[in-house]
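The values are calculated or read from the model by the stated rules, or taken from the named source; none is laboratory data. Predicted, not measured: the structure shown is a model, and the values here were computed from it. Neighbour counts run over all protein chains shown; Cβ positions are idealised from the backbone, glycine included. Please note that ligands, DNA and RNA were not included when accessible areas were found on the heavy atoms of the full protein model with its side chains. Shrake-Rupley method; radii C 1.70, N 1.55, O 1.52, S 1.80 Å.
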Amino acid sequence: MVKADSGNLIIGNWKMYKTVPEALEFVKLLTPQIKDISSSVYLAVPFTCIHALSKEAQGSPLVIGAQNMNDASEGAFTGEIAARMLREAGAQFVILGHSERRRLFHEDNAFINRKIKRAVQEGLRPVLCVGESMGERDAGNAKDVIKTQINECLADIDPKSLATLVVSYEPVWAIGTNHSASPEVAQEMQHFCRELLGEILSSKVAKNITLLYGGSVNSKNAAGYLDQPDINGLLLGGASLSLETFVEIINTSCKTTKEA
Ligand code: PGA
């Protein structure tokens, strides 16, 4: 099982970028720079990179994971990948329910719920993404959307197995658009998520769940989110592809560690 977070959790989501040689070059340059940091650093990489990068990251604080998986343990599902295959390759966590999966690949809350169950069963830390569209926000429904996503994605799961859950609030309108949510909106939504998690998991467990903000985070706006009481880290897309920007944001996160 992956270690508890030390300080803020910074997750880079590489999406469909970087070949194995490109990824190795990045990680070889990254690990010496994060040797003594007080944040936790994760990279969600393409499936093809998981094995090589998890070997490369051994002995360093860097944790390697996946961006998606199937809910079945194995079977005739052409093109899919199982949780235990990811574990075997060296993944320690998996992003589930990213809005690109929901929107482009029609994943619904019930499917994501089955994936979370499988991930925890196989010892992968689940990073659940939730977020409303602009239309839903404009209609005043942002909180209702988040509530439904959280309740349905976490339905019928033993709260004990969710102690290492990560929830990332990522409004769809902020992802890859340069229109990030304000720190105040991100805080309001993550405070709401923590209250919901308290109802599902107990307020004691919810207090320690790692909550992230994601959506057009860059080195200039990162600190504003990390200063918020209910935000324990960031999920970075574009900003994690550049070594310089990624390290800059990690360094910022080390300066804004909150009291436990
Ligand atoms: P972005 O992506 O940082 O490029 O907006 C965030 C995400 O996909 O989680």
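Structure data summary
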read-out	value
From the options K117, K35, residue that is away from the ligand (no atom under 16 Å from the Cβ) and over 18 Å from the mean Cα position of the chain (by Cα)	K35
Check on L226, touching a Lys or Arg at 6+ places or on another chain (Cβ under 7 Å), closer than 24 Å to V45 by Cβ and away from the ligand (no atom under 11 Å from the Cβ)	no
Of all residues making up the range 199-223, the number that are open to solvent by 30 Å² or more (accessible area, probe 1.4 Å), in a loop (DSSP other than H, G, I, E, B) and either acidic (D, E) or within 11 Å of the ligand (Cβ to nearest atom) (or both)	2
Filtered residue count, the range 39-57, keeping only those that are over 21 Å from G214 (Cβ atoms) and modelled with pLDDT under 95	0
Tally of residues being surrounded by fewer than 20 Cβ atoms within 10 Å (Cβ to Cβ) and not acidic (D, E) across the range 35-56	9
